[in-house]
Amino acid sequence: MSGMARRSFLLAAGCALLAAPGATAQRNRATEPPAPETDLSTPEGWLEWIRHHPDDFGLVLDNGYGDQLLHQPRTPRPLASAVKVVHLAAYAEAVATGRLHPDEQIRVGDWERYYVPTDGWAHKNALTHLGIPLDPSGLHAADPEHVVRLDDVVSAMIMFSDSAAPDYLRNRLGPAALHQAAEAAGWHQPDIRSMCAEYLYLVLPETAPPAHLPVAARRRHGFALERRFAIDEQLRQRMLQRLGDGLPPYPVQQAWAAKTMAATPTQLARLHTAIATGRTTGAELARTHLERPLSGSLPPGVIGIGHKGGSLPGVLTTGMAVRRENGSTATGVLLVHGGISAEEMLNDPNPAQLVLLAVEQPDWWDRLATALHR
């Protein structure tokens, strides 16, 4: 799966769908015709979608030459897997300061303690890529005692969007290390939670905290549930059984996803810019991971494209930094929340294409600016 590919969300055995945070506040469209469905697998489709959905996304684009396009840049929206750049930055800093070593041998069973199979085969694909045999279910390693390099676990988090790796890293480093890594880029107190727990809230709604709890309390509840899940075999088996039975309808999934980790486009853009320009400790290692997926298809004059995106039902996110031979750096973040149908989500939507075209080609920059100010 490429760095720009969407994250599918396994909602039932053999059926890959998407899990997405709920809809944002909508405009009053009583006097407008309904927006048409668009082909979100193309940049042209995204331009059309943006024209019709001004309330459903936030955008920060900086072309590296002093020009910016901004749209609701300080409105928090769900991040989905785009949040994993925070975990990556903390890992890179820990390596740079000697706290962790990339070649450390990690027991796969310890990595999988945090795995809830709601990732569209991301973990399975990562294991296969690493040459690790699978158990009969095809979801876990056949031998939990198998070891891999710590850096391979981090690579799986970025390359395949494995969602057990972020929790493993957070537990190794502590939340304070993640906050420190983001703070260095000007992102204060990122919304770092247990991804394992957030997915369990969807699969096993009875484990979820009361809906009225504030984020901090929900986070503490999630950390406690994650610790239980890591050692409670009965809970793990109940989770697998429930997955086999299927999950709630798409609108319920949207409502669930609306409560997951969030940030503003500005905050995410700051971290991508800081990594790309070397203003974070360990930036070179972080760039290596972010830029690897697209290293074989760089436009002329570009020396690296660091990217991490994500998706949940109704949510599509992309964060990107483009380093050029002339020393300039472009940054693009697009956070979409709401306004996307289930059918559009299944049509391989790819917002990163538009972001890259806009920062690299002036005509696409102008087309996007026109769409924003229709």
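The values are calculated or read from the model by the stated rules, or taken from the named source; none is laboratory data. Remember, it's a predicted structure, so these values are computed and weren't measured experimentally. As a convention, Cβ positions derive from the backbone with ideal geometry for all residues, glycine included, and neighbour counts pool all protein chains shown. Accessible surface areas use protein heavy atoms only, side chains included; no ligands, DNA or RNA. Shrake-Rupley method; radii C 1.70, N 1.55, O 1.52, S 1.80 Å.
Residue by residue, segment 265-274 carries 3J(HN,Hα) couplings of x, 4, 5, 5, 4, 4, 5, 4, 5, 5 Hz when phi is fed to the Karplus relation 6.51 cos²θ - 1.76 cosθ + 1.60 (θ = phi - 60°); x denotes Gly or Pro. Nonpolar atom fraction for the chain, defined as the carbon and sulfur part of the 1.4 Å probe accessible area, stands at 53 percent.
For segment 163-260, the equivalent ellipsoid derived from the Cα gyration tensor has semi-axes of 25, 17, 11 Å, listed largest first. Taking amide H as placed 1.01 Å from N in the peptide plane, Glu104 has its amide H under 5 Å from the amide H of Leu150, Asp151, each at least 5 places away in sequence or on another chain.
GNM, the chain, Cα, under 10 Å: largest mean-square fluctuation among Ser137, Ser163, Ser81? Of Ser137, Ser163, Ser81, the most mobile in the Gaussian network model is Ser137.
Taking Cα pairs under 8 Å and at least six residues apart, what relative contact order does the chain come out at, in percent?
Numbers: 757 pairs, mean separation 120.4, N = 374.
Computed value for the chain: 32 percent relative contact order.
Mind running the shape call on segment 88-188? Use the C-alpha gyration tensor, a ≥ b ≥ c as the square roots of the eigenvalues: rounded below 1.5 for a/c, prolate if a/b tops b/c, oblate otherwise. It comes out prolate by the Cα gyration axes.
The calculated 222 nm mean residue ellipticity attributable to helices in the chain amounts to -12000 deg cm²/dmol, summing -39500 (n - 2.57) over DSSP H runs of n ≥ 4 and dividing by all residues.
Sparse packing (at most 15 other Cβ atoms within 10 Å of the Cβ) combined with a DSSP loop state is found for the following GluC sites (Glu not before Pro) in segment 75-168: Glu104, Glu145. Using the Karplus relation 6.51 cos²θ - 1.76 cosθ + 1.60 with θ = phi - 60°, the per-residue 3J(HN,Hα) values for segment 85-93 come to 5, 5, 4, 4, 4, 5, 4, 4, 5 Hz, with x marking Gly and Pro.
For segment 207-260, what does the alpha-carbon gyration tensor say about shape, rounded, prolate or oblate, given a ≥ b ≥ c as the root eigenvalues, a/c under 1.5 as rounded, and a/b over b/c as prolate? Because a/c hits 1.5 or more and a/b fails to exceed b/c, segment 207-260 counts as oblate. In this structure, the amide hydrogen of Ala141, modeled 1.01 Å from its nitrogen in the peptide plane, lies closer than 5 angstrom to those of Asp135, counting only residues at least 5 positions away or on a different chain. Taking amide hydrogens as placed 1.01 Å from N in the peptide plane, the amide H of Asp119 sits under 5 Å from those of Leu10, each at least 5 positions away in sequence or on another chain.
Qualifying GluC sites (Glu not before Pro) in segment 319-374, where qualification requires a DSSP coil assignment and no more than 16 other C-beta atoms within 10 Å, comprise Glu325.
If DNA, RNA and ligands are ignored and the probe is 1.4 Å, what is the ranking of Ile303, Ile231, Ile50 by accessible area, most exposed first? Don't jump to the answer; show the numbers that get you there.
On the way: Ile303 80, Ile231 140, Ile50 5 Å².
Per-residue accessible area, sorted high to low, gives Ile231, Ile303, Ile50.
Rounded to the nearest whole Å², what accessible area per residue is found for the chain with the 1.4 Å probe? Provide the component values of the computation, followed by the final result.
Details: 14410 Å² over 374 residues.
That works out to 39 Å² for each residue.
With a cut-off of 8 Å between alpha carbons and a minimum separation of six or more residues, what is the relative contact order of segment 242-374 in percent? It would help to have the intermediate numbers written out before the result.
Values: 163 pairs, mean separation 24.7, N = 133.
Rounded, it is 19 percent for segment 242-374.
Phi angles across segment 324-332 convert, under the Karplus curve 6.51 cos²θ - 1.76 cosθ + 1.60 with θ = phi - 60°, into 3J(HN,Hα) values of 10, 4, 7, x, 7, 9, 9, 9, x Hz, Gly and Pro given as x. Electrostatic bookkeeping for Thr273 treats Lys and Arg as +1 and Asp and Glu as -1; over the other residues with beta carbon under 13 Å from its beta carbon, the sum is +3. Rounded if a/c is under 1.5, else prolate if a/b beats b/c, else oblate: with a ≥ b ≥ c from the C-alpha gyration tensor eigenvalues square-rooted, which is the chain? It is oblate, given that a/c is not under 1.5 and a/b is not larger than b/c.
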